[in-house]
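Below: one structure, written as structure tokens.
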Ligand SMILES: *Cc1c(COP(=O)(O)O)cnc(C)c1O
């Protein structure tokens, strides 16, 4: 299994090469040359498999250059740090509505599912090659803490995390800035998440810098993360006797893209619903076929305050019949503000995808409604998902991915329900731990200087 860039340059690379670099040298994203497909009988057997065994089964074909014993060790270790007996509990809400709780990992968001194995893969590959890497991660809130948790004390890695200053929740910020590790530095950037992501992309485009520090990306564009995230779609779908629609609170389009690939790999996925907050660029695209950036606005679901859903490039790659020249042309236009796809492409996307967006007011109303009906507290991202899920027409089971623990967004939950959700005991003292981070202006040069000055 080899990997190629969505933008067509550079030939094919191995899994580990794709995982260690993150972004392809031509600015494109890596996609597998082919996909493993699992048959009906095999999938029926998935129902009784523990999560880490299923992960091994589904992930292995993507990573032929990692020994099976290593992968086995990695997945076992990656999910052993999760709270509770079940890694990804499926919970029935009412009627045909379910949620899949993906927030029992160490940093309380679904990002741990892919980031933890990725950290271990880096450790394995860099150790074997005797190399060091610099990871620069842009975060809208949850990627940062998941990356820090996965890479702290990894002696071959320097990790720099950029978050938009003042635009992440206090718990999110403290989960990043209170971790003491010599190889980890936090940067609060004076800008939005899109500004953070643009700086990371610019650093990659600077070949001299990229090579000087051996730059890596562990954002959701990293293929290894997408591959690891396909697992819970199989896990959840295997628990039903019919096809399942998944509703996914969406930002960078990584999580829902994993659902798309899981469907192509044989998982019993019916439709995929893209749920957005007021940053509704994807909902508008699904109505018009036009992807048009507006300024990102802060909301109660900050991990989705994104206008540039980077992983959408992979979907375009698939829906253009893997036409890298067409993808490149669209991405060049998007840099200048917008692009439009042919009617045919939009029509085909709509065979599988639906979309829905909601305001902060509606998000709070949804949190309150779920609480009154079931006594459960859900976080604002999950609530955005549930709102879109309830609007879906169809009698098949609908599983909304619950992407974060309610205590990560305690203020919003308390505002909606009057109840302040409690953090798990291991994080109970986070509000009193000492923070450490640098505040930098929104400038590629300043960030570069900072990185050069803080390599460990
Ligand atoms: C990252 C994140 C999302 C968005 O996921 P994407 O893969 O970027 O679409 C949604 N909810 C939460 C809680 C997140 O941390």
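The values are calculated or read from the model by the stated rules, or taken from the named source; none is laboratory data. Note that the structure is predicted; figures quoted are calculated from it, not measured. Cβ atoms come from the backbone with ideal geometry, glycine included; neighbour counts cover every protein chain shown.
When you look at residue 100, is it assigned to a helix (DSSP H, G or I), away from the ligand (no atom under 12 Å from the Cβ) and crowded, with 19+ Cβ neighbours inside 10 Å, yes or no?
no
With respect to the numbered conditions (1) part of a helix (DSSP H, G or I); (2) at pLDDT 95 or above; (3) crowded, with 22+ Cβ neighbours inside 10 Å, which one is the sole condition not fulfilled by residue 332?
(3)
Please go through segment 194-203 and give me each residue that is crowded, with 20+ Cβ neighbours inside 10 Å and touching a helix residue (DSSP H, G or I) at 6+ places or on another chain (Cβ under 8 Å), ordered by number.
Result: 199, 203.
Give the residues of segment 437-456 that are touching a strand residue (DSSP E or B) at 6+ places or on another chain (Cβ under 7 Å) and assigned to a loop (DSSP other than H, G, I, E, B), sorted by residue number.
437, 442, 454, 455, 456
Here is a list: 127, 141, 119. Which entry is away from the ligand (no atom under 16 Å from the Cβ) and either closer than 30 Å to residue 370 by Cα or surrounded by 21 or more Cβ atoms within 10 Å (Cβ to Cβ) (or both)?
119
Condition first: closer than 30 Å to residue 384 by Cα and surrounded by 15 or more Cβ atoms within 10 Å (Cβ to Cβ). Now tell me which residues in segment 431-452 satisfy that.
442
Do any residues in segment 295-321 that are without any contact (Cβ under 8 Å) to a residue 60 or more places away in the chain have Cβ atoms under 6 Å from those of residues that are near the ligand (Cβ under 9 Å from one of its atoms), where the two are at least six apart or on different chains, and which pairs are they?
Sorted first by the residue in segment 295-321, then by its partner, the pairs are 309/252; 309/253; 312/253.
Is it the case, given these coordinates, that residue 251 is within 15 Å of the ligand (Cβ to nearest atom), farther than 17 Å from residue 397 by Cα and not in a strand (DSSP E or B)?
So residue 251 fits the description; yes.
State which residue pairs qualify: first residue free of Cβ contacts under 8 Å to residues at least 12 places away in the same chain and at positive phi and inside segment 19-38, second residue buried (at least 17 other Cβ atoms within 10 Å of the Cβ) and assigned to a loop (DSSP other than H, G, I, E, B) in any location, beta carbons under 6 Å apart, and separation of 6 or more residues or different chains.
none
Residues in segment 275-296: is at least one under 30 Å from residue 41 (Cβ atoms), within 14 Å of the ligand (Cβ to nearest atom), in contact with a strand residue (DSSP E or B) (Cβ under 7 Å, 6 or more places away or on another chain) and not in a helix (DSSP H, G or I)?
No, there is no match, as no residue in segment 275-296 is under 30 Å from residue 41 (Cβ atoms), within 14 Å of the ligand (Cβ to nearest atom), in contact with a strand residue (DSSP E or B) (Cβ under 7 Å, 6 or more places away or on another chain) and not in a helix (DSSP H, G or I).
Which one of 78, 88 is outside any helix (DSSP H, G or I) and either modelled with pLDDT under 95 or buried (at least 16 other Cβ atoms within 10 Å of the Cβ) (or both)?
Unique residue meeting the criteria: 88.
Could you grab me the full set of residues in segment 361-381 that are touching a helix residue (DSSP H, G or I) at 6+ places or on another chain (Cβ under 8 Å) and in a helix (DSSP H, G or I)?
Across segment 361-381, the qualifying residues are 362, 363, 364, 365, 366, 367, 368, 370, 371, 380, 381.
Conditions (1) surrounded by fewer than 24 Cβ atoms within 10 Å (Cβ to Cβ); (2) touching a helix residue (DSSP H, G or I) at 6+ places or on another chain (Cβ under 8 Å); (3) under 20 Å from residue 37 (Cβ atoms), marked per residue:
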position: 243; (1), (2), (3): yes, yes, yes
position: 246; (1), (2), (3): no, yes, yes
position: 259; (1), (2), (3): no, yes, yes
position: 262; (1), (2), (3): no, yes, yes
position: 265; (1), (2), (3): yes, yes, yes
position: 270; (1), (2), (3): yes, no, yes
position: 284; (1), (2), (3): yes, no, no
position: 290; (1), (2), (3): yes, yes, no
position: 293; (1), (2), (3): yes, yes, no
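Of the numbered conditions (1) more than 30 Å from residue 49 (Cα to Cα); (2) crowded, with 23+ Cβ neighbours inside 10 Å, residue 222 fails exactly one; give the number of that condition.
Every listed condition holds for residue 222 apart from (1).
For the subset of segment 412-431 comprising residues that are over 23 Å from the mean Cα position of the chain (by Cα) and either within 16 Å of the ligand (Cβ to nearest atom) or at pLDDT 95 or above (or both), which member is nearest to residue 145 (Cα to Cα)?
Out of the qualifying residues, it is 421.
Tell me, please, whether a residue that is within 29 Å of residue 65 (Cα to Cα), assigned to a strand (DSSP E or B), more than 20 Å from the chain's Cα centre (by Cα) and in contact (Cβ under 8 Å) with a residue 60 or more places away in the chain can be found in segment 198-205.
No, the conditions are met nowhere in segment 198-205.
Taking the options 394, 385, name whichever one is under 29 Å from residue 242 (Cα atoms) and not in a helix (DSSP H, G or I).
Answer to the selection: 394.
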